[in-house]
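Participant: Handing you a structure now.
Taken together, the values in this text are just the output of simple stated rules run on the coordinates, not laboratory data. Note that the structure is a prediction, hence the values are computed from the model and not measured. Note that we place each Cβ from the backbone using ideal geometry, even for glycine, and neighbour counts take in every protein chain shown.
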Amino acid sequence: MAPRAKSAAPGPADGPLPPVVLVHGTDSFLVEEKADEVLTRIAPGWREDEFKVQRVNGLVDRVDDALAALRAVRSAMLQPGFFASDPVVWLRGLSFSAAPTADRTSKSEAVRDALDDFRAELRANGTPPGVSLLVTSANIAKNSGLYKSLQAMEKEGRAAIFDVGGGGADSARRLVERRLAENGWTMSAAVRAAFVARVGSDGGTVVSELEKLFAYTGGAEPTAEDVAEICSVSTEGEIWEISDVFGRRDVTGTIAVVRRLLSNKGSSEMALLRMLEIRIADLALAVDARERGLLAPSGDRWSPALGEADRAAVADLGKADVFARPSFQRGPLLDQARRWTGAQVRRARLALMRAHERMVTQSVDPRALLELAVSEALAT
């Protein structure tokens with residue numbers, strides 16, 4: 001696997017790091033990736049020497065576990081492993097310094113008091129000589145006492161804070177670009193946009209889907225068709241968002257999503273129109289099956305009493321069979337299908353087909369064409 005590139009997160013980029021480091025952001029994958037880089041800088045060879053890093057699990061949901069984690073960190077700093085040289089104590093995935101309203105553990109008075117004692121001691125005395133402390137978190141509150149103490153220590157040169165961000169399409173696009181460069185892969189801007197729109201912004205999902213995509217193409221540059229064929233649709237992806245609001249027959253909401261997505265670099269009217277055409281094709285199948293009485297009483301699967309010709313037709317659907325999809329994809333689609341009649345689906349399909357043809361053959365503002373098609377498709 002290619003070596004990871006350094007992130008563009010703020011913080012000391014070169015030279016030795018101070019003894020206390022915080023890595024935080026809204027995407028846990030990006031946090032872990034940056035932590036990997038930090039550990040390599042402060043404890044070279046840490047993967048081969050199990051005694052160099054003492055991990056304390058900070059991802060807890062009970063008050064007693066949070067208090068135990070803080071005790072374990074303090075104990076590990078004062079009594080590092082017997083065989084360790086320049087050891088690192090890693091409070092990993094700190095979850096109980098979030099906003100007080102975020103969870104029961106973060107708003108516990110006992111936990112807050114223990115955190116106050118911990119950060120006050122850290123602020124006053126730092127870490128013991130030769131010991132480093134790494135704290136990673138996907139939800140630390142920036143107005144918490146711990147964060148403010150680390151900020152003050154950073155100004156004094158005794159701590160470093162890396163904010164890796166995450167949680168949005170822009171972050172996902174940057175991660176894609178970085179992984180492409182690391183692996184020597186190429187992908188056009190339009191296909192990158194389609195990829196992020198489909199898989200969403202979660203860092204771990206982006207990386208796994210990207211590796212799956214290039215395994216599918218054998219390292220060759222993928223097309224938009226490859227993305228549609230091999231990449232999983234995420235509920236966080238833009239393709240899911242626009243398909244969902246359109247499927248719910250919300251004309252105002254669909255146009256708002258279209259305008260927002262088109263404000264992103266790399267999005268195109270034709271790509272969004274194709275998303276809507278795919279959704280209406282799925283809805284057409286679900287609505288037609290319902291109106292022809294081909295479904296089981298539950299409405300979420302084909303009737304076991306289908307005739308031979310209908311069973312053969314279902315078998316021929318292959319990946320187009322919406323009733324064979326995972327429940328997290330099938331459920332929302334069938335909920336949307338209940339809002340449509342066959343006549344409404346046919347009218348919507350015709351409106352989208354007309355817009356597609358005009359985008360290809362006429363010199364007309366494609367945004368205006370797309371918004372008009374949405375309005376016509378969802379007219380009552």
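Participant: Regarding the chain, what are the three Cα extents along the principal axes, ordered largest first, in Å?
Facilitator: 76, 45, 38
Participant: Choose one of LEU262, VAL31, SER298: the residue whose Cα lies farthest towards the positive end of the charge dipole of the chain (beta-carbon charges +1 Lys, Arg; -1 Asp, Glu; about the Cα centre).
Facilitator: After comparing all options, I get LEU262.
Participant: Tell me the GluC sites (Glu not before Pro) within the stretch 143-223 that lie in a loop according to DSSP and have at most 11 other beta-carbon atoms within 10 Å.
Facilitator: Numbers: sites: GLU154, GLU156, GLU177, GLU182, GLU209, GLU211; in loops: GLU156.
Here the GluC sites (Glu not before Pro) that fit, given the DSSP loop and packing criteria, are GLU156.
Participant: On alpha carbon coordinates alone, what is the Rg over Rh value for the stretch 236-380, Rh being the Kirkwood radius?
Facilitator: Dividing the radius of gyration by the Kirkwood radius yields 1.00.
Participant: Follow-up question, since we're still on this one. Name the residue farthest towards the positive end of the dipole of the chain from the options VAL287, TRP240, THR252, assuming +1 on Cβ of Lys and Arg, -1 on Cβ of Asp and Glu, about the Cα centre.
Facilitator: Highest projection toward the positive end goes to THR252.
Participant: At q = 0.17 Å⁻¹, work out log10 I(q)/I(0) for the stretch 145-238 with the Debye formula, treating every Cα as an identical point scatterer and leaving solvent out; two decimals please.
Facilitator: After summing over all Cα pairs, the log10 values are -0.68.
Participant: Counting other Cβ atoms within 10 Å, which trypsin sites (Lys or Arg not before Pro) in the stretch 245-301 have at most 11 and lie in a DSSP loop?
Facilitator: LYS265, ARG292
Participant: Also, quick follow-up: Suppose every Lys and Arg Cβ carries +1 and every Asp and Glu Cβ carries -1, with no other charges. What dipole size does the chain come out with about its Cα centre, to the nearest 20 debye? Each step should come with its number before you reach the end.
Facilitator: Numbers: 49 positive and 52 negative charges, 140 e Å.
Charge dipole, the chain, about its Cα centre: 680 debye, nearest 20.
Participant: Using helices alone, I'd like the mean residue ellipticity at 222 nm for the chain: each DSSP H run of four-plus residues gives -39500 (n - 2.57), total over residue count, nearest 500. Let's see the in-between values first.
Facilitator: Details: 15 runs with 205 residues, N = 380.
So the calculated ellipticity at 222 nm is -17500 deg cm²/dmol.
Participant: Among THR205, THR40, THR341, which comes first, second and so on when ranked by fewest other beta-carbon atoms within 10 Å? Don't skip to the end; give the middle numbers.
Facilitator: Details: THR205 18, THR40 14, THR341 11.
Fewest to most other Cβ atoms nearby, the residues stand as THR341, THR40, THR205.
Participant: Once phi is turned into θ = phi - 60°, what whole-Hz ³J(HN,Hα) does the Karplus curve with 6.51, -1.76 and 1.60 give for every residue of the stretch 347-357, x standing for Gly and Pro?
Facilitator: The phi angles translate into 5, 5, 4, 5, 4, 5, 5, 4, 5, 4, 4 Hz.
Participant: Right, next: In terms of modelled amide H atoms, which long-range or inter-chain residues lie less than 5 Å from the amide H of VAL23?
Facilitator: Placed amide hydrogens put VAL135, THR136, SER137, PHE162 under 5 Å from VAL23.
Participant: Still on this structure: Scan the chain and report its longest stretch carrying no chymotrypsin sites (Phe, Trp or Tyr not before Pro) that are both in a DSSP loop and have at most 14 other Cβ atoms within 10 Å. Numbers along the way, then the final one.
Facilitator: Details: sites that count: PHE51, PHE82, PHE83.
Counting at most 14 other Cβ atoms within 10 Å as exposed, the longest clean stretch of the chain is 84-380.
Participant: Can you pull out the trypsin sites (Lys or Arg not before Pro) in the stretch 112-156 whose DSSP state is coil and whose Cβ has at most 12 other Cβ atoms within 10 Å? It would help to have the intermediate numbers written out before the result.
Facilitator: On the way: sites: ARG112, ARG119, ARG123, LYS142, LYS148, LYS155; in loops: LYS142.
For trypsin sites (Lys or Arg not before Pro) across the stretch 112-156 that sit outside H, G, I, E and B with at most 12 neighbouring Cβ atoms in 10 Å, the list reads LYS142.
Participant: Could I ask something else about it? Give me ILE255, ILE42 ranked fewest to most by other Cβ atoms within 10 Å of their Cβ, as a rough exposure proxy. Write down the numbers at each step before the final one.
Facilitator: Details: ILE255 17, ILE42 21.
Going from sparsest to densest Cβ surroundings: ILE255, ILE42.
Participant: Under the Karplus relation 6.51 cos²θ - 1.76 cosθ + 1.60, θ = phi - 60°, what is the ordered set of whole-Hz ³J(HN,Hα) values for the stretch 214-227, x standing for Gly and Pro?
Facilitator: Values per residue, Gly and Pro as x: 6, 5, 5, 8, x, x, 6, 5, x, 9, 4, 5, 4, 4 Hz.
Participant: If each residue of separation counts as 0.36 nm, what is the full-extension length gain between ALA124 and ALA68 once their alpha-carbon separation is subtracted? All intermediate terms of the calculation are to be shown ahead of the outcome.
Facilitator: Values: separation 56, 0.36 × 56 = 20.16 nm, distance 2.19 nm.
That pair, ALA124 and ALA68, stretches by 18.0 nm at full extension.
Participant: Please report how far the C-alpha centroid of the stretch 95-139 lies from that of the stretch 187-225, rounded to the nearest whole angstrom.
Facilitator: What the calculation gives is 38 Å, centre to centre.
Participant: If you bin every alpha carbon distance in the stretch 215-318 into 5 Å steps from zero, what whole percent lands in each bin?
Facilitator: P(r) for the stretch 215-318, in whole percents per bin: 2, 10, 16, 18, 15, 14, 12, 8, 4, 1.
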